[in-house]
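Contents: one structure, followed by commentary.
The values are calculated or read from the model by the stated rules, or taken from the named source; none is laboratory data. Quantities reported herein were computed from a predicted structural model and do not represent experimental measurements. Reconstructed Cβ throughout: ideal geometry from the backbone, glycine too, with neighbour counts over all protein chains shown. Just so you know, the surface numbers come from the protein's heavy atoms only, side chains and all, with ligands and any DNA or RNA stripped out. Shrake-Rupley method; radii C 1.70, N 1.55, O 1.52, S 1.80 Å.
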Amino acid sequence: MQIDELKRLIDVASGRRKTDLVIKDAEIVNVLTEEFIKADIAICGDKIAGIGSYDGIKEINANGLYAVPGLIDGHTHLEMSMLSVTEFARLVVPKGNTSVVADPHEIANVLGKDGIRVLIEEAKTTPLKVFFEVPSCVPSSPLETSGAIITAEDVAEILEWDNVIGLAEVMNYPGVINGDEEVLKKIVVAREKGKIVDGHCPMLSGKDLNAYISAGIGSDHENTSENEAMEKLRLGMRVMIREGSVARNLKSLLNLAKRGYRWCMLVTDGDRTVRDLIEQGYLDYVYRRAVEEGVDPIKALQMCTINPAEYFGINAGLIAPGRFADVVLLRDLERFEVARVIANGEPVGEIKRTYSYPEFVKRSVKLKKLITPEDIKIEGKGVARIIKVIEGEIVTGEEREYVEGVDVERDILKIVVVERHKATGNIGKAYIKGFGLKRGAIASSIAHDAHNIVAVGVSDEDICKAVNRIAELQGGIVVVDGVVKAELQLDIAGLMSEERAEVVAEKLDKIHEEIKKLGCKLKSPILALSFMALPVIPKLKVTDLGLVDVEEFKVMDVFVS
């Protein structure tokens, strides 16, 4: 802030100068003192100047309305929405979500530093405040081919960029505990620059948890039980309570939420489908869920506002002088029924995309050649290691059966992963159970974490058609049954669409409809498919390098004998 801007803010706050905008007669919810205060809110530029009695050039009558701080999601991945940043903002900001802390882990695995910069630049053109963190684990594993590597030197550079506030979830917790130098370098760089270091340590306990926290890691969102979360809280970690479209931890952590610990936050982890964003909302939905479960509304608000603001050092989360003027006017506090949103001191109107993506972002799929059935043939027969899909889980099991090829009657299908970043021609092949397809194939360029092309199917011809169509689209999701039955283009790094959310939702609905026709019984088949290539979550996965036994940490032969 320049001195003349500061003087103007002080003049408005003191009443010596009429301000641009005043919200009149609001019932202000003070999330710090847990009080309701009837007063005006004076706004000067993008800051709140004062609370009291003020006159403005423009005035908003808020009589009968609650005024609450704009909501802050303390942990998300924008790319998982499959929408552009602008389109995401168009959906969430009018619902009262004014800030997010984003880990651009997905696009970094595809496009590296350049991909992160693209999201930062687009975010600047929207009313949504996006505070970025540097991905800590790119790639997630040497057992796959990713599009980029983020080194400790890269972390040091990116931490100096605008709107970058910390090091994102340190997923390699064994590396921290065992003193892996490359992992520790990234943590040291962030701490030396006074930045936040976020965590990711599911089920970690005891001395290993102590070791992890001692490295300076301040939070964790992978909490699934009250005992787990309380142990972390007692040791000084911020506990993020995740409630998404698929991963739902609120009920199991409800006692923590009801107690209203100030070191707890409500987050989405980016786990909100496009349809849910449109019909239910974003963090506003999570707030409502907490209140429905019996959490006091002010305690729930704290977990979506001042708690993340204090942890991340964000100058928002409280309606008070000098804070960002992000104010949500509500007709109903418990239902979070929005009447109006002010973001950055401006009433929010229609949000339109003005940012143009660079061409390299839309040319991220680079195959050595279009694939043929010969390329994905699994040679041999015998007792095979088979990936077992578990409904609602990203972990998988292992089954062993005698296999001569795809066997629909036993639900033994083929799964392949085609490298798409460096045109290596790598294709990993394996057998999988759990999708239940009777015919056809499904393919996607969303495949955590490297985001190569993953496909599952009955027919080699259909698998090839689906993969090759994704190459033509430069990313997307495709369903084939002899011919292409449904598709969604995701040409922004093979992860996100340039289309409006409503169009994306309709196409995804069509995709799921066609997948059901193929015989699939999984509730979230696209999500399940996207995690079949993640070689850091047990037990068996498949990458472009082949079948991976995660617990053995190596590529295995498909056949045991």
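Observations, loosely collected:
- Residues (assigned to a helix (DSSP H, G or I) and buried (at least 24 other Cβ atoms within 10 Å of the Cβ)) located in the range 94-106: 105, 106
- The condition of being in contact with a helix residue (DSSP H, G or I) (Cβ under 9 Å, 6 or more places away or on another chain), in a helix (DSSP H, G or I) and not acidic (Asp, Glu) does not hold for residue 138.
- Of everything in the range 529-561 that is of a type in the set (S, T, N, Q) and under 24 Å from the mean Cα position of the chain (by Cα), the residue that is farthest from residue 443 (Cα to Cα) is 543.
- Residues in the range 400-410 that are in a strand (DSSP E or B) and open to solvent by 60 Å² or more (accessible area, probe 1.4 Å): 400, 402.
- Residues of the range 332-362 classified as assigned to a loop (DSSP other than H, G, I, E, B) and either under 17 Å from residue 499 (Cα atoms) or without any contact (Cβ under 8 Å) to a residue 24 or more places away in the chain (or both), total: 10
- Qualifying residue in the range 107-121 (condition: in contact with a helix residue (DSSP H, G or I) (Cβ under 7 Å, 6 or more places away or on another chain), in a strand (DSSP E or B), over 28 Å from residue 328 (Cβ atoms) and at pLDDT 95 or above): no
- Across the range 207-234, the number of residues qualifying as more than 28 Å from residue 156 (Cβ to Cβ) and open to solvent by 30 Å² or more (accessible area, probe 1.4 Å) comes to 7.
- Extreme residue, least open to solvent (accessible area, probe 1.4 Å), among residues of the range 162-183 that are of a type outside the set (Val, Ile, Thr) and in a helix (DSSP H, G or I): 175
- Scanning the range 23-38 for residues that are assigned to a strand (DSSP E or B), on the phi > 0 side of the Ramachandran plot and either crowded, with 20+ Cβ neighbours inside 10 Å or touching a residue at least 40 places away in the same chain (Cβ under 8 Å) (or both) yields a count of 0.
- Sole residue being in contact with a Leu (Cβ under 7 Å, 6 or more places away or on another chain), crowded, with 18+ Cβ neighbours inside 10 Å and within 30 Å of residue 356 (Cα to Cα), chosen from 67, 62, 89: 89
- Against the criterion of being among the polar types (S, T, N, Q) and at pLDDT 95 or above, residue 372 qualifies.
- Restricted to the range 448-561, the set of strands (runs of 3 or more DSSP E) holding at least 3 residues that are without any contact (Cβ under 8 Å) to a residue 24 or more places away in the chain and open to solvent by 60 Å² or more (accessible area, probe 1.4 Å) comprises 483-489.
- Options 299, 258, 251; residue that is closer than 30 Å to residue 53 by Cβ, out of contact with any strand residue (DSSP E or B) (no Cβ under 6 Å at 6 or more places or on another chain) and open to solvent by 10 Å² or more (accessible area, probe 1.4 Å): 299
- Looking only at residues in the range 272-284 that are touching a residue at least 24 places away in the same chain (Cβ under 8 Å) and either among the small types (Gly, Ala, Ser) or more than 24 Å from residue 313 (Cα to Cα) (or both), the one that is surrounded by the fewest Cβ atoms within 10 Å (Cβ to Cβ) is 278.
- Hits in the range 150-170 (condition: in contact with a Gly (Cβ under 9 Å, 6 or more places away or on another chain) and among the hydrophobic types (A, V, I, L, M, F, W, C)): 150, 159, 165, 170
- Note on the range 364-391: residues that are assigned to a loop (DSSP other than H, G, I, E, B), within 19 Å of residue 555 (Cβ to Cβ) and either free of Cβ contacts under 8 Å to residues at least 60 places away in the same chain or open to solvent by 30 Å² or more (accessible area, probe 1.4 Å) (or both) total 3.
- Test set (1) assigned to a helix (DSSP H, G or I); (2) over 25 Å from residue 131 (Cα atoms); (3) in contact with a Lys or Arg (Cβ under 7 Å, 6 or more places away or on another chain) - residue 295 fails condition number: (1)
- Test: residue in the range 332-349 that is exposed (fewer than 14 other Cβ atoms within 10 Å of the Cβ) and touching an Asp or Glu at 6+ places or on another chain (Cβ under 8 Å): no
- The set of residues in the range 124-141 that are in contact with a Leu (Cβ under 9 Å, 6 or more places away or on another chain) and at pLDDT below 95 comprises 140, 141.
- Test: residue in the range 148-161 that is modelled with pLDDT of 95 or more, in a loop (DSSP other than H, G, I, E, B), within 30 Å of residue 547 (Cβ to Cβ) and not hydrophobic (A, V, I, L, M, F, W, C): yes
- Of all residues in the range 117-153 being small (Gly, Ala, Ser) and within 25 Å of residue 534 (Cβ to Cβ), the one that is surrounded by the most Cβ atoms within 10 Å (Cβ to Cβ): 136
- Test result for residue 394, outside any loop (DSSP other than H, G, I, E, B) and within 17 Å of residue 456 (Cβ to Cβ): no
- Per-region count, the range 245-261, residues closer than 20 Å to residue 302 by Cβ and under 14 Å from the mean Cα position of the chain (by Cα): 0
- The range 421-447, residues that are under 23 Å from residue 485 (Cα atoms) and either open to solvent by less than 10 Å² (accessible area, probe 1.4 Å) or at pLDDT below 95 (or both): 432, 435, 437, 440, 441, 442, 443, 444, 445, 447
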